[in-house]
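Heads up, the thing below is written out as structure tokens.
Every number here is computed from the coordinates shown, using simple stated rules; none is lab data. Computed from a predicted model, the values in this text were never measured in an experiment. Here Cβ is always computed from backbone atoms with ideal geometry, including for glycine, and neighbour counts include all displayed protein chains.
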Amino acid sequence: MFQLLIQEMHSERTEIPLASEGENMKIWYEAVGEVRGSCGHRHRTAKAADRCCENDQRAIEIAYPSTYPTRAYSDRRVKKFVETDGVVEVQDLNDIEKEQLYGSAF
Ligand SMILES: [Zn+2]
């Protein structure tokens, strides 16, 4: 029990897989947008999915150069996927994950 607690505290800082993850539970992150759809990856960390969002933004800027006042942008945002016993739930990031990505002033 004590070790589990240590692992959880540790995982918040270093983004190793969450201690709650196990045989019947899988957690991953995707870059998802209503317009752009999902990136199709199963990122291990929110940070990696966020980088995927940034890559999509760059790809769009190259494909659709900005012409003032219009600017093409990617609507992909990081979503957390939690699969428990085969049932997948899509979640927004929690405050800890947001803070890791965007700093304390998200
Ligand atoms: Zn991706």
- Item | Extension reserve of the Glu83-Tyr68 stretch, reckoned as 0.36 nm per residue once the Cα distance is removed | 1.1 nm
- Note on the structure: Sparse-neighbourhood loop hits (trypsin sites (Lys or Arg not before Pro), the range 50-102; DSSP loop; Cβ within 10 Å at most 11 others) -> Arg71
- Query: Which chymotrypsin sites (Phe, Trp or Tyr not before Pro) does the range 22-93 hold that lie in a coil by DSSP with at most 15 other beta carbons within 10 Å?
  - Reply: Tyr73
- Message: Treating only the Cα positions of the range 35-99 as identical point scatterers, give the base-10 log of I(q)/I(0) from the Debye formula at each q in 0.11 Å⁻¹.
- Response: -0.33
